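> My questions all concern the structure below.
The values are calculated or read from the model by the stated rules, or taken from the named source; none is laboratory data. Computed from a prediction, not measured in an experiment: that's the story for all the values here. All Cβ positions, even for glycine, are placed from backbone atoms using ideal geometry, and neighbour counts span all protein chains on display. Just the protein is used for accessible areas: all its heavy atoms, side chains included, with ligands, DNA and RNA removed. Shrake-Rupley method; radii C 1.70, N 1.55, O 1.52, S 1.80 Å.
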Amino acid sequence: MKFRIRFAQQVVGVFVLIAFVAVGAVIVSMASSQRWFARNYTYYSVFPSAEGLSAGMAISFKGFTVGRVTDITLRDQDEVVVDFYIQDTFIDRVIPNSLLQLVTSPIGLGGGLVLHQGRGTGDPLPEGTLIPAVNSKEGQHIVQNQLALMPASGDSITRIIAQVEPLMLNVNNLLLSLDETIGHVNTALAGDQTGPLGVTLVQVQSLLEEVERTLIETRNQSTAILASVAVIAENFEATSGELRDPTGLVPRLLDADGSITTFLNDNNVLFDQIEQMLVTINASLDEVNDLAGFVNSTQPQIAGILEESRAAIATGQDVLQGVSNNPLIRRGITPEIPQQSTFQSHRDAQF
Amino acid sequence: MLNFVERTGKNTITSVQNFFYAMGYFYRILRDSLFYLRHKQSRRVLTFQILFTGIEALPVIAILSVGLGAIIIIQGLTVLPQFGQGQLVYTILITVITRELGPILTAFIVAARSGTAISTELGNMVVSHEIEAYVADGIDPISYLVVPRFLGVTFSLVLLNLYFNIFGLLGSFVITALVTEIFLQDYLFNLLNAISLADILVSVVKSAVAGMVISVVATYYGFKVEQSSTEVPVMAIKSVGRSFVLIIITNAVITVVYYLTI
């Protein structure tokens, strides 16, 4: 008889026992590893959105899992409340100013919650209190005042994203400001604003209306002027026609018996008079030229005198202002005995 | 046209009758199983059934689970850390070995080995009029022949599934340690954190249900043999095919229920 047939009950007994012992050992190990009977401390945090969060998500501290998310609910104020627990072995890490940060992979490979311990020492936070999220108002206050220990992320992409994020926020704020400014400008351009720019633009608009009215009036006046010019042009055209006419004005003037010939046959009397007048004008022009040269040569001196005078007046003004403003001067200005200047002008010189 | 309608109606009535007959058959097995272990002689039959169905299938189960587990660990440790998700290897290992593939692969092996054996055995007993002899002697064939096989296969399948997990989770570690650097303490710590009691429970339920399906279907088709010995292999093949289909359906239903309740 085969061994296993002969000892079938023993073989089956061992077969069953090994299986049950293994299962029992696994369950005991699980209970120990997963802390089935350990005390957990519950806290809550508030996030702007539940995106990236899930019940059962691990909460890590320096790479160790210290707790898990138990529940996620949406409040009436559209705030997402995340309930979680911290294991009793890590409860002394949860001190005041501790933070909770949602870390997500930038390439969509999940994420997790990270606990940042508050600076300094202190008793653990009481159970049921708020541990603020990093991106909440309370969290930002703690971060800006450096009240929490926030080590740099080990992931280089996450670090880059963390650096880019504030930059993008600044750019976003700038764009919002630009948008707001453009909105104001648009409102001002529409003339619906009572600010300085709006008032100016309204004034510009009224000015343009005034200009338009002026242009209309000018156009009326220019029409009259153009009509006069047209008359002049017609006269000029008639004169030009006379000039072109061989029997017209010019031949009559140049004719041997015309007015010009008669006017010029006076034995050079007119010519001599004109020549004399020209000589006199030439002499006068020479004198004017000399005078202009003198004035030109003395102009820098005049300019210097004027500049000195201006500076002296300015200094005098400053002195007067200083005197009038100086509270130490109580007894006025000391009278001075006038001294005869040793300098005399050329006009006073005795010849 | 009339023949087609008549044939459809006849097939439908037959299917409904067979379904209710199978349900009544299953109910009889369950009812008799409750009082089965009171008889000392019955325990010995059950012991042999576990021996043949469970222990003799253990080498195949062990090789399959160790190979599968080692492949998952090696592939997981090679590929997943490249995406920063090295820890997922333990979740995948639990999902595949414990929750999904473990029960279904074990059930397929038992259905192929023991299901056909049970159908063939009972079919041959019908052909050789042994069943009639039991009835003539006042012995209920369901109590004496079906119930020990039902309990034996179900119990064996649960145990084999546990062994599949032991070999798949621990044996595969040994194989993996031969080809790559992996630390036992780290491996066990992560594995115990990844597994949950629900995983074990679902695995046990799946294998128990699969064991019931295999034994009921195998005995049902075994008794369906009527006269000729040529019917025996036909019924054996039918029992295996029907077992596979029902195993997949029940497995899927339990999985859906599990995911709906967690």
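> Among the residues of region A:244-261, how many are exposed (fewer than 11 other Cβ atoms within 10 Å of the Cβ) and modelled with pLDDT under 70? Break it down stepwise before answering.
Restricting attention to region A:244-261, the residues satisfying the condition of being exposed (fewer than 11 other Cβ atoms within 10 Å of the Cβ) are A:244, A:246-247, A:256-257.
Next, only the ones that are modelled with pLDDT under 70 stay: A:246-247, A:256-257.
Qualifying residue count, region A:244-261: 4.
> Confirm whether residue A:103 is modelled with pLDDT of 90 or more, open to solvent by less than 60 Å² (accessible area, probe 1.4 Å) and in the same structural domain as residue A:149 (by TED's automatic domain parsing).
On the way: modelled with pLDDT of 90 or more: no; open to solvent by less than 60 Å² (accessible area, probe 1.4 Å): yes; in the same structural domain as residue A:149 (by TED's automatic domain parsing): yes.
Judged against the criteria, residue A:103 is not a match.
> Under the condition of being over 29 Å from residue B:153 (Cα atoms) and polar (S, T, N, Q), which residue from region B:54-86 is surrounded by the fewest Cβ atoms within 10 Å (Cβ to Cβ)?
Going through the qualifying residues, I end up with B:82.
> Regarding residue A:71, is this residue part of a strand (DSSP E or B), away from chain B (no Cβ under 14 Å) and within 30 Å of residue B:204 (Cα to Cα)? Steps first, answer last, please.
Details: part of a strand (DSSP E or B): yes; away from chain B (no Cβ under 14 Å): yes; within 30 Å of residue B:204 (Cα to Cα): yes.
Judged against the criteria, residue A:71 is a match.
> Return yes when residue A:54 is under 21 Å from residue B:189 (Cβ atoms) and surrounded by fewer than 16 Cβ atoms within 10 Å (Cβ to Cβ) and no when it is not. Break it down into steps so the answer makes sense when it comes.
On the way: under 21 Å from residue B:189 (Cβ atoms): no; surrounded by fewer than 16 Cβ atoms within 10 Å (Cβ to Cβ): yes.
Here the answer is no, as residue A:54 does not meet what is asked.
> Does residue B:222 count as in the same structural domain as residue B:93 (by TED's automatic domain parsing) and either crowded, with 24+ Cβ neighbours inside 10 Å or not in a helix (DSSP H, G or I) (or both)?
Values: in the same structural domain as residue B:93 (by TED's automatic domain parsing): yes; either crowded, with 24+ Cβ neighbours inside 10 Å or not in a helix (DSSP H, G or I) (or both): yes.
Answer is yes for this residue.
> Within region A:21-68, how many residues turn out to be within 17 Å of residue A:111 (Cα to Cα) and not in a strand (DSSP E or B)?
Residues flagged as within 17 Å of residue A:111 (Cα to Cα) and not in a strand (DSSP E or B) within region A:21-68 amount to 12.
> Related question: Exactly one of (1) farther than 30 Å from residue B:155 by Cβ; (2) free of Cβ contacts under 8 Å to residues at least 24 places away in the same chain is unmet by residue A:14. Its number?
Every condition holds for residue A:14 apart from (1).
Quick grid of which residues meet (1) within 13 Å of chain A (Cβ to nearest Cβ); (2) of a type in the set (Phe, Trp, Tyr); (3) crowded, with 21+ Cβ neighbours inside 10 Å:
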position	(1), (2), (3)
B:165	yes, no, yes
B:170	yes, no, no
B:174	no, no, no
B:190	yes, no, no
B:196	yes, no, no
B:203	yes, no, yes
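> Mind checking whether some residue in region B:117-135 is closer than 30 Å to residue B:196 by Cα, among the aliphatic types (A, V, I, L, M) and touching a residue at least 12 places away in the same chain (Cβ under 8 Å)? Please lay out each step first, then the result.
Taking region B:117-135 first, the residues closer than 30 Å to residue B:196 by Cα are none.
No - not one qualifying residue is present in region B:117-135.
> Cβ-Cβ under 8 Å, sequence separation 6+ or interchain: first residue in region B:65-83 and polar (S, T, N, Q), partner outside any helix (DSSP H, G or I) and crowded, with 20+ Cβ neighbours inside 10 Å. Which pairs?
Every condition considered, no pair remains.
A quick yes/no check of all residues on (1) within 23 Å of residue A:121 (Cβ to Cβ); (2) in contact with a Ser or Thr (Cβ under 6 Å, 6 or more places away or on another chain); (3) not assigned by TED's automatic domain parsing to the domain that holds residue A:139:
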residue: A:17; (1), (2), (3): no, no, yes
residue: A:62; (1), (2), (3): yes, no, no
residue: A:72; (1), (2), (3): no, no, no
residue: A:76; (1), (2), (3): no, no, no
residue: A:83; (1), (2), (3): no, yes, no
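> Turning to a different aspect of this structure: Take region A:1-44 and flag every residue that is within 10 Å of chain B (Cβ to nearest Cβ), within 30 Å of residue A:80 (Cα to Cα) and open to solvent by 80 Å² or more (accessible area, probe 1.4 Å).
Listed by number, the list holds a single entry, A:36.
> Going through A:139, A:122 one at a time, which residue ends up being assigned by TED's automatic domain parsing to the domain that holds residue A:52 and modelled with pLDDT under 85? Walk me through how you get there before you give the answer.
On the way: A:139 fails: modelled with pLDDT under 85.
Testing whether each residue is assigned by TED's automatic domain parsing to the domain that holds residue A:52 and modelled with pLDDT under 85 leaves just A:122.
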